[in-house]
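Written below as structure tokens is the structure these notes are about.
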Amino acid sequence: MEDAEFYIVDFDRTLVDSDKMLEVFIEVTQEFMDMPKAQIESAHADVKMRGDSFDTAGYVRDSLFAEGNGEQWDQLEKRFIHESRSLNYLMPSAAELLEWLAANGKRYGILTYGNPLWQHLKLTAAGFNHARHMILEQKEKGKLISTWQNNDGSFRLPDALGRRSASHIVMIDDKAVSFDNFPGSPSKGYWVLDPANELPSQQGTVPPNVQRYNDLQSVIQAL
Ligand SMILES: [Mg+2]
């Protein structure tokens with residue numbers, strides 16, 4: 001049987017509303033420590049401006065330890081996950097995208113950039129910890145994906161994404177930099193970024209086999 005394509009879906013700002021998650025996390029944090037909300041927000045904003053991923057969880061955990069309350073970190077994590085259970089963090093049409101993939105028998109995995117502690121906590125809070133996923137500490141996902149390519153052009157997926165073969169890769173992501181060194185056609189990319197709300201860290205140039213769309217709904221129509 002011939003290998004089919006494999007879908008790589010980004011997490012932050014593609015599948016989930018990361019601002020909403022951060023807001024809830026900061027609120028929960030307030031129950032455990034005196035750290036002013038503005039302190040976390042400004043530390044987060046500084047890093048976001050640089051286009052880097054802020055290790056929000058590590059920042060709060062380290063602060064708890066510094067206050068001598070390190071043992072409360074587990075509680076805080078559990079509380080955040082519990083609070084999140086009743087919330088919907090999904091971006092508009094993210095549920096439809098996942099339904100489309102399932103209904104069409106498409107294999108997919110989440111490739112997310114950021115600090116492992118924070119990314120793992122967010123994946124769990126949003127209910128994606130059981131989906132195939134990989135947490136990457138480099139922004140250039142395309143560069144990593146290129147290393148999976150065999151001499152015949154097909155792809156060998158890493159263990160975390162199921163270790164199977166794929167004929168080509170289809171990637172959906174909100175950041176241009178994610179597509180740096182992305183493999184050429186027939187692999188293809190869907191850069192989903194609403195011009196009305198774009199951040200400097202999402203902007204950039206993408207290879208010719210990557211098309212830009214304003215939202216996931218338009219991506220689903222184009223798939
Ligand atoms: Mg993203």
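The table for this structure:
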| quantity | calculated |
| --- | --- |
| Hey, Gly51 modelled with pLDDT of 85 or more and not in a helix (DSSP H, G or I) or not | no |
| Some residue of region 193-215 being within 16 Å of the chain's Cα centre (by Cα) and more than 13 Å from the ligand (Cβ to nearest atom) | yes |
| Close pairs from region 112-137: first under 18 Å from Gly58 (Cβ atoms) and in the same structural domain as Asp173 (by TED's automatic domain parsing), partner modelled with pLDDT under 95 and basic (Lys, Arg), Cβ under 7 Å, at least 6 apart | Tyr113/Lys139 |
| Residues satisfying the stated conditions in region 11-62, i.e. within 13 Å of the ligand (Cβ to nearest atom) and surrounded by 19 or more Cβ atoms within 10 Å (Cβ to Cβ) | Phe11, Asp12, Arg13, Thr14, Leu15, Val16, Ser18, Met21, Ser53 |
| Among (1) buried (at least 17 other Cβ atoms within 10 Å of the Cβ); (2) within 16 Å of Leu161 (Cα to Cα); (3) modelled with pLDDT under 95; (4) not hydrophobic (A, V, I, L, M, F, W, C), the one test that Asn115 misses | (2) |
| Residue match in region 48-66 (condition: within 30 Å of Arg107 (Cβ to Cβ), of a type in the set (Ser, Thr, Tyr) and outside the structural domain of Tyr113 (by TED's automatic domain parsing)) | yes |
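The values are calculated or read from the model by the stated rules, or taken from the named source; none is laboratory data. The structure presented is a predicted model; accordingly, all values stated were derived computationally and were not measured. All Cβ positions, glycine included, derive from the backbone under ideal geometry; neighbour counts span all protein chains shown.
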